Every structure is written in structure tokens, then in C-alpha cells.
Amino acid sequence: MKSAVVVLPGLNRDRDMIAALTKISGTAPVTIWQTDTEIPDVDLIVIPGGFSYGDYLRCGAIAARMPVMRAVAEKAAKGVQVIGVCNGFQILVESGLLPGALMRNTSLKFVCREVKLQVANANTAFTHRYQPGQIIRCPVAHHDGNYFADAETLARIEGQGQVVFRYAEGTNPNGSINDIAGIVNDKGNVLGLMPHPENLIEPAHGGIDGRGLFESALGVAA
Amino acid sequence: MPVIKARVTVTLKNGVLDPQGKAIEHALDSLGFDGVHSVRQGKVFDLEIEGTDPAKAEADLKAMCDKLLANTVIENYSVSIT
């Protein structure tokens, strides 16, 4: 499977993401720049974490309006898989590709630590290598990861199994409603999550719990 | 070219938790301003727009709010031509 990584000014996790995709798929992803209006033929597009455009206005707000995001939306509409991690998740909700919003952590503090995630839906293109309900370790590093959706939207995404990851065992680091850490769109081909699975993919990281997500999405053997 | 001056105010919708507003409320309390029941933080944008037609400017400003200045999932906005 071929993958691509979106690179925007202010992102800082793009190198980690490129390394993770290269190690797990065996092929380096192509990189796409903010002004690109066409994305090559790939199976997976990843928007990594960081602070695109300095988090000006709202996290992800400016990036979501750049030409490259129109191209990402077109690919997503055609069924190409899209993953947004951290700032990438914020960009996906700001662009309307995922429902809800990501607000300031209730603690008002930047949190940088490891949390536990429960795989709330293992029947998605991004999680089928995990067991239903499996608890995995994953690092988080963000200031605005407090997921919010109005009651109607929340009932819909919960009812349709769109909540894919939840913070487990009292580890919710940001006040997210229903402990939501990651969601998919209603078609199931766009995933956004605040934690950083790309930083737990090899023993040198201290664990490989994040590999399952990329192995699921890339369709590679465990 | 004549310009129209306008102010856009963006506020959080009711029911959306505002941790920053809460922190400000507590800070006011610690400064001795007791009796502050609620603080909600928002944003103000002052814009200058080419043109002479206030109705067109207002329509444009609302479109700007819907597309960028506000996140209507969590925020309301109001537009005033000054």
C-alpha cells in the first residue's frame, strides 16, 4: 500500500510519522505540501501532529482552509483512508471531515505523558488488528484535545460505533466528553485521534502498542 | 477606496465548557472582585472592508464567520457595522 504524509508549516511530528510508515510498510510515504492541489494515487493519507500555522485563530483552523485540504477531502470522498493525529485530528474536525470540535484541555495545561486507550471499535479499517476492548498504551502531547460534540452528534457517533478509541482507566488527560480519544467518520475511512501511535511502534520506543493501527490501515502482516 | 469598518464578536455557545473563562473567574475572585458569577471568554475581530454597501458587507462578514472566523460547532458570532 502506498501512503502520503501532509506537511504544513508548524507541524513537527511529520518526521516521526514518515519514519513509522516507512518502517511498518517498507516504503517511504510521499510528502504533500500545503499548496499542492493534487495528491498522487495513494491508499492512505496521514496528517501528522504539531502546531500548524502557530495554532492561530483555533488549532487546525488555518490548515483546514489550505488548498491541500480540499485535495484531501476529494480523496476521502473517493474512499481513500485518512488518518489525522493530534494537530492532524484538529485539522480534520476544523475541515468538517470529522464531526465535533477539539477544545482547550480542562486542566488548561499542556499534557505530555502516556495514557491507556481502550479500543472501543475493533471493526474498522484502522483497528482490526486489535482485539475489541483491548487496552493499549499510547503517548499524548497536546494542549487542545478536549473532544466536544453537541448531544445529537454525540448520540449519533456513539450509536454508529464511530468512537474508536477511549481513554481508559481514569487516564483521560483533557476532559474529553465520554473519554473520547479517537473517532472515525460515518463512512469509516477517516480517523482522527489525539494520541501518538507513531511514537510507540518499535522496542526502542519502549513498546509497540501503536503498530496495530498502522498495520491495520496499511494491510501489512503483524 | 471607501472602507466599511466592522466588528465581529465570537462567543462560546451555551453549554460548551469554557475552562479559560473559569480560570479567569477564579483569578478575579483571588484579586478580591467577589460576586463575579460567570466569565465566558470570546474573541473580537475588527475588520475594514472595501465598499460602501453595509448590507453587502454584513452578508460577506457572515460568510467569513461561517467559513473561518467562528467554529459554529462550538461558537456563536455577531456582526456589527461600526
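The values are calculated or read from the model by the stated rules, or taken from the named source; none is laboratory data. Owing to the predicted nature of the structure, the values given are computational and were not obtained by experimental measurement. Methodologically, a virtual Cβ is constructed for each residue, glycine included, from the backbone with ideal geometry; neighbour enumeration extends over all protein chains shown.
The figures follow:
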{"read-out": "Condition check for A:Val140: aliphatic (A, V, I, L, M), more than 14 Å from chain B (Cβ to nearest Cβ), within 28 Å of B:Asn14 (Cα to Cα) and buried (at least 18 other Cβ atoms within 10 Å of the Cβ)", "value": "no"}
{"read-out": "Condition check for A:Lys109: in contact with a His (Cβ under 9 Å, 6 or more places away or on another chain) and of a type in the set (Lys, Arg)", "value": "yes"}
{"read-out": "Test: residue in segment B:28-49 that is in contact (Cβ under 8 Å) with a residue 60 or more places away in the chain and more than 11 Å from chain A (Cβ to nearest Cβ)", "value": "no"}
{"read-out": "Residue satisfying condition, being part of a loop (DSSP other than H, G, I, E, B) and touching a strand residue (DSSP E or B) at 6+ places or on another chain (Cβ under 9 Å), within set A:Thr31, A:Thr106", "value": "A:Thr106"}
{"read-out": "Where a residue in segment A:116-130 is under 14 Å from A:Glu158 (Cα atoms) and its partner, wherever it lies, is surrounded by fewer than 24 Cβ atoms within 10 Å (Cβ to Cβ) and among the acidic types (Asp, Glu), with Cβ under 6 Å and at least six apart", "value": "none"}
{"read-out": "Matching option when the condition is in contact with a helix residue (DSSP H, G or I) (Cβ under 8 Å, 6 or more places away or on another chain), among the aliphatic types (A, V, I, L, M) and within 21 Å of A:Asp209 (Cβ to Cβ), among A:Val85, A:Val119, A:Val111, A:Val140", "value": "A:Val85"}
{"read-out": "Unique residue being assigned to a helix (DSSP H, G or I), at pLDDT 95 or above, under 18 Å from the mean Cα position of the chain (by Cα) and more than 19 Å from A:Ala122 (Cβ to Cβ) when the list is A:Glu152, A:Glu198, A:Glu215", "value": "A:Glu198"}
{"read-out": "Of all residues in segment A:100-130 being within 14 Å of chain B (Cβ to nearest Cβ) and surrounded by 19 or more Cβ atoms within 10 Å (Cβ to Cβ), the one that is farthest from B:Asp18 (Cα to Cα)", "value": "A:Gly100"}
{"read-out": "Residue among A:Ala28, A:Ala71 that is surrounded by 17 or more Cβ atoms within 10 Å (Cβ to Cβ) and either modelled with pLDDT under 95 or of a type outside the set (D, E, K, R) (or both)", "value": "A:Ala71"}
{"read-out": "Which listed residue, of A:Ile91, A:Ile47, A:Ile83, is within 14 Å of the chain's Cα centre (by Cα) and within 14 Å of another protein chain (Cβ to nearest Cβ)", "value": "A:Ile91"}
{"read-out": "Hits in segment B:12-27 - residues which are surrounded by fewer than 16 Cβ atoms within 10 Å (Cβ to Cβ) and over 21 Å from B:Thr72 (Cα atoms)", "value": "B:Ala23, B:Ile24, B:His26, B:Ala27"}
{"read-out": "Qualifying residues in segment B:1-27 (those that are among the basic types (Lys, Arg) and touching a residue at least 24 places away in the same chain (Cβ under 8 Å)) - the one nearest to the other protein chains (Cβ to nearest Cβ)", "value": "B:Lys13"}
{"read-out": "Scope segment A:11-32; condition of a type in the set (A, V, I, L, M, F, W, C) and farther than 18 Å from A:Ala64 by Cβ; matching residues", "value": "A:Met17, A:Ile18, A:Ala19, A:Ala20, A:Leu21, A:Ile24, A:Ala28, A:Val30"}
{"read-out": "Tally of residues being of a type outside the set (D, E, K, R), under 14 Å from the mean Cα position of the chain (by Cα) and within 11 Å of B:Ile81 (Cβ to Cβ) across segment B:1-60", "value": "3"}
{"read-out": "Boolean, A:Gly49 is of a type in the set (Gly, Ala, Ser) and surrounded by 24 or more Cβ atoms within 10 Å (Cβ to Cβ)", "value": "yes"}
{"read-out": "Residues being surrounded by 11 or more Cβ atoms within 10 Å (Cβ to Cβ) and either touching a strand residue (DSSP E or B) at 6+ places or on another chain (Cβ under 9 Å) or within 30 Å of A:Leu92 (Cβ to Cβ) (or both) - total across segment B:28-47", "value": "6"}
{"read-out": "Residue satisfying all of: in segment B:50-82; assigned to a strand (DSSP E or B) and either touching an Asp or Glu at 6+ places or on another chain (Cβ under 6 Å) or more than 14 Å from chain A (Cβ to nearest Cβ) (or both); farthest from B:Lys5 (Cα to Cα) among these", "value": "B:Ser78"}
